Amino acid sequence: MTFIHPERNGFPATFFPEPLQCPRGDPPLPVPEPFHPGLQSTSHFHLKAARDALPEPNKGPVLVSIVDGSKGKTVRMTLDRSATVAELKQKFLQQMPDLQWLSLSCNGKPVQEHDVLKDLRLGEKVTFVTFQRCHGG
């Protein structure tokens, strides 16, 4: 025998389970973090880095590999760390002049022509990958 609930339009009581009880009241107050004694009466402050977070980049030349994904070819060259990406592209296009476009990425991020290799924080060996930008929708 099934019990028919009169307030639920004739559906069995097992069809509509009773609602869950929610806890009532405010959540507990957070425990305040203690301040440094010198910062208790300040309204704002800033931190100054005492030294560079990353180690100093290696000195000397860098061995560069450029992978052309469309043809599966790799071009290797040695460049000074003060060279820009534009100089790198120029030397690459001298070895592979059939490319009409050239966009490079390093570590999964596109690089700009004015970027200097030492600013990219590269190791002794680095690989650039060519890619094509598709404009439009």
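Only the coordinates and a few stated rules stand behind these numbers; no lab work does. What you see is a predicted model; the values in this text were computed from it and never measured. Every residue, glycine as well, gets a Cβ built from its backbone with ideal geometry; the counts of neighbours run over all protein chains shown.
Return the FRET efficiency for the residue pair D119, M96: r is the Cβ-Cβ distance, R0 is 30 Å, and the value is rounded to the nearest 0.05.
Values: r = 25 Å, r/R0 = 0.85.
The formula returns an efficiency of 0.75 here.
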remark   = Listed by chain and number, the lysines with an alpha carbon less than 18 angstrom from that of K109, same-chain partners under 8 positions apart left out, are K89, K118, K125
